[in-house]
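Encoded as structure tokens, the structure appears first; notes follow it.
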Amino acid sequence: MKKLIDTSTKEFLLYLENIRAYSDLTIKSYAESLREAFLHVEMFYENDNLIFNLMPYRIKISSLNAKTISKKLSAIRSFVSYLNDNGHSVILK
């Protein structure tokens, strides 16, 4: 699972740069948000779906500014959407 996440994260960041034309600062922000999230998000398989349980991460970031929380969660949602669009079955909880 770690290899899938690492490889997919790199591909996702290249996608943001080359296809979506995001700025370097935005890509750096997404990379940092994802790196931090993967330290706390619980990931497991259930019925052939990869489940991301965000609750531990939400608790960790709950004391941050609302805009910061929104930005961090948006990066995760975008990454999950990218995975689903590219043949993986990922569900956020």
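The values are calculated or read from the model by the stated rules, or taken from the named source; none is laboratory data. Not measured: the values here are computed from a predicted model. Every residue, glycine as well, gets a Cβ built from its backbone with ideal geometry; the counts of neighbours run over all protein chains shown. Heavy atoms of the whole protein, side chains included, go into the accessibility calculation; ligands, DNA and RNA do not. Shrake-Rupley method; radii C 1.70, N 1.55, O 1.52, S 1.80 Å.
A few points about this structure:
- Label point distance in nm, Ser70-Ser23, each placed 7 Å from Cα along Cα→Cβ: 1.7
- Separation of the Leu39 and Ser63 label points, Cα + 7 Å toward Cβ, nm: 1.4
- Under 5 Å, built H, 5+ apart or other chain: amide partners of Leu54: Lys93
- Rounded to the nearest 10 Å², the accessible area of Asp24 at probe 1.4 Å: 120
- Beta bridges assigned by DSSP with both partners in the chain are antiparallel in approximately 60 percent of cases.
- Computed accessible area, His40, all protein chains, 1.4 angstrom probe, square angstrom: 60
- Anchor Lys67: lysines whose Cα lies under 24 Å away (excluding residues fewer than 8 positions away in-chain): Lys28, Lys93
- Per residue convex hull volume, Cα atoms of region 34-93, in Å³: 69
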